[in-house]
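The values are calculated or read from the model by the stated rules, or taken from the named source; none is laboratory data. These numbers come from a predicted model, not from an experiment. FYI the Cβ positions are ideal-geometry reconstructions off the backbone, even for glycines, and counts take in every protein chain you see. For the accessible areas, the whole protein counts, side chains as well, though only heavy atoms, and no ligand, DNA or RNA atoms are used. Shrake-Rupley method; radii C 1.70, N 1.55, O 1.52, S 1.80 Å.
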Protein chains: 2
Amino acid sequence: MTKIGILGYGNLGRGVENSIKQNSDMELVAIFTRRNPQDLKINSNAKVVSIDEIEQWKDVIDVLIICGGSASDLPVQTPKYAQIFNVIDSFDTHAKIPEHFENVDKSAKENNKVAIISVGWDPGMFSLNRLYANAILPEGSDYTFWGKGVSQGHSDAIRRIEGVQDAKQYTIPVESALELVRSGKNPSLSTKDKHIRECFVVLKEGADKEKIEQQIKTMPNYFADYTTIVHFISQEELNKNHSAIAHGGFVFRSGKTSDNTNHVIEYSLKLDSNPEFTSSVLVAYARAAHKLAQEKQFGAKTVFDIAPKYLINKTNEEIRKTML
Amino acid sequence: MTKIGILGYGNLGRGVENSIKQNSDMELVAIFTRRNPQDLKINSNAKVVSIDEIEQWKDVIDVLIICGGSASDLPVQTPKYAQIFNVIDSFDTHAKIPEHFENVDKSAKENNKVAIISVGWDPGMFSLNRLYANAILPEGSDYTFWGKGVSQGHSDAIRRIEGVQDAKQYTIPVESALELVRSGKNPSLSTKDKHIRECFVVLKEGADKEKIEQQIKTMPNYFADYTTIVHFISQEELNKNHSAIAHGGFVFRSGKTSDNTNHVIEYSLKLDSNPEFTSSVLVAYARAAHKLAQEKQFGAKTVFDIAPKYLINKTNEEIRKTML
């Protein structure tokens, strides 16, 4: 059995709690929170513990799954708790991964712990597919499409406009661009060629509809270069129809092995719940972290460093017999 | 540099020779053949050497890529040459993989060699995708579709019918079955629900068309349970239009993480050349074999045992920075 602790009980933490129930070799023993433990309603028999007491669980927990945010939680929490526990996080600020890796690696190595960072689907499963496909087809082009799903950054950008009460922005892959890539024509496509931006906006009373639509559509970086669709709706409608946590996307590599011989590798995800899927990836890698710790392979790791066999609750003989 | 030897110069061997040219860290040094070396016209500067002299290359070659057939070549060759070289093969008789693994493992371990077996796309990339997806979604269903591509076994079965001169059989995925899986409905589908069989048949003079069509369509296991389409064509037409080596397929896993929350993971390949793609996978894993041998991780391995980082000609820092 792998004994799991969860740090942080938001969407991701709840997803991990759920996912552990699907894995018979794992046991959730404690949920650590910055809130008052009495205030947490959880969906399992785990103990709810104040984060101040986390050190007492040093010898009880095999892997701590850190379910904080990438902006301010994880850069502090992951290196800190890698001193005490084997840890996993879903750090997803791509540009800062090398720095985060170094910090976590130092603290994990000094304390003989395993720390797997940037686990999820992008970074995570999408990254794996980029790497495998690049290794197989060294001469080719990569394409990543995101969506359909809500982009938090773009929704926030709309909310910052004066007169906007609330907003959700969906990133939607352009179907014709997907088809062009699938055809093996190796097109040159920028992010804006690949995606449409659809916005659902709730106005404050008296706000100027046309002016706000104009402000959204001309916002540099976020919307100006894109096909942007703006809908104005009521707060009730937004709450009812746009609290969706569905997401997904596509990773392609298209490349030649000789003059007229092209190959297209496509990986795609269609997720009813972004946080629940990410949680399930975290749990699979928590299993790997425990096994790697038993083998004393200490230090920071990413999905690139981990052989697939470590992820699954089956023996090597079983997987060779049933999955190869 | 990884110094490569190729054993066997058919479609697969030629594909490996080609693929090595796309990988700047690899050098093809020798092609070993059972034929008279003078008779081989090759597409590189490699030495062509009789298989009888292969032992002399023991200290020259880092990895031997064995490009023989799974029926009779590889069960003998891979364990034999794993005594002398680090080796890779594409053994694809799924049912016999456990036995092949044991044989190869014994000989590789006794001689401090790395031997990676069953490398390609199925087994190979499809297997990896089955494993990753099962680890993430333990409660769900797997679906593998093959094609569109020629099935050698089914083509052979038609050729064995009296009155048939030549034949090619295409396995074609059923579009509506693909869509049903993509929808997340988790349908129960047998192999016959998922595939159509289209046959192009050349008759011998005087052969009975209707009788042969009947014999094909009612052939147990191969065709009887399938939607089977039979076309009679001339030998010229078969040679001209049906020497295709294109292939591909789809691997899905569809599963729930909670009651109304389903996820669909899809991986697909669209290959202009089955042997060239397989060769490219072999070459990527040859790189891994060389690195693993340098780390003294001896014994037989499959794609499940190998961390993705070993496959690519980039440093760990580079892949974290550019692909994660």
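By definition, a body whose alpha carbon gyration tensor gives a ≥ b ≥ c is prolate when a/c is 1.5 or more and a/b is larger than b/c, and segment A:73-144 fits this prolate description. Translational diffusion coefficient of segment A:18-70 (Stokes-Einstein, Kirkwood radius from Cα pairs, 4 °C, 1.567 mPa s): 106 µm²/s. Relative to the other identical copies, residue B:316 shows label-point distances of 2.1 nm, where the label point lies 7 Å from Cα along the Cβ direction and values run shortest first.
For segment A:82-229, the spread of Cα coordinates along the three principal axes comes to 60, 43, 20 Å, biggest extent given first.
Share of antiparallel DSSP beta bridges in segment A:1-126, in percent to the nearest 5? In segment A:1-126, approximately 5 percent of DSSP beta bridges are antiparallel ones. A simple spin-label model places the labels of residue A:231 and residue A:139 4.7 nm from each other, with each point 7 Å out along Cα-to-Cβ. In chain B, the portion of solvent-accessible area held by carbon and sulfur atoms comes to 44 percent [1.4 Å probe, whole percent, DNA, RNA and ligands not counted].
Measuring r between the beta carbons of residue B:111 and residue B:43 and using R0 = 45 Å, the FRET efficiency lands at 0.90. Annotation: segment B:148-218 has a Kirkwood hydrodynamic radius of 13.6 angstrom, from the mean reciprocal C-alpha pair distance.
Summary for residue B:43: label point 7 Å along Cα→Cβ; distances to the equivalent points in the other copies, ascending, 5.4 nm. Assign one of three labels to segment B:1-157, namely rounded, prolate or oblate, based on the Cα gyration tensor with a ≥ b ≥ c the square roots of its eigenvalues; rounded applies when a/c is under 1.5, prolate when it is not and a/b is larger than b/c, and oblate otherwise. Prolate is the answer for segment B:1-157, as a/c is 1.5 or above and a/b outweighs b/c.
Computed from the Cβ-Cβ distance with R0 of 60 Å, the FRET efficiency linking residue B:214 to residue A:71 stands at 0.30.
Under a Gaussian network description of chain A, with springs only between Cα atoms under 10 Å, the residue in A:125, A:219, A:26 that fluctuates furthest is A:219. Rolled with a 1.4 Å probe across the full set of protein chains, the surface gives residue A:314 an accessible area near 80 Å². Residues in the protein assembly as shown average 43 Å² of solvent-accessible surface per residue, probe 1.4 Å, ligands and nucleic acids excluded. Between residue A:96 and residue A:24, the FRET efficiency estimated from the beta carbon spacing at R0 = 30 angstrom works out to 0.25. The solvent-accessible area of residue A:35, taken with every protein chain present and a 1.4 Å probe, is close to 120 Å².
Just how many % of Cα pairs in the protein assembly as shown lie over 50 Å apart, if you round to the nearest whole percent? Cα-Cα pairs in the protein assembly as shown separated by more than 50 Å: 17 percent.
Taking a quarter of the surface of the Cα convex hull of segment A:177-324 gives a mean projected area of 14.8 nm². How would you classify chain B from its alpha-carbon gyration tensor, with a ≥ b ≥ c the square roots of the eigenvalues: rounded for a/c under 1.5, else prolate if a/b is greater than b/c, otherwise oblate? It is oblate, given that a/c is not under 1.5 and a/b is not larger than b/c. A straight Cα-to-Cα reach below 18 Å connects residue A:113 with the lysines A:3, A:58, A:80, A:291, A:296, A:301, residues fewer than 8 places away in its own chain not being considered.
Under 20 Å from the 7 Å Cα→Cβ point of residue B:240, by amide nitrogen: which residues of segment B:204-219? Within reach of a label on residue B:240: B:204-205. Computed over segment B:140-226, relative contact order equals 31 percent, with contacts defined as Cα pairs under 8 Å that lie 6+ residues apart.
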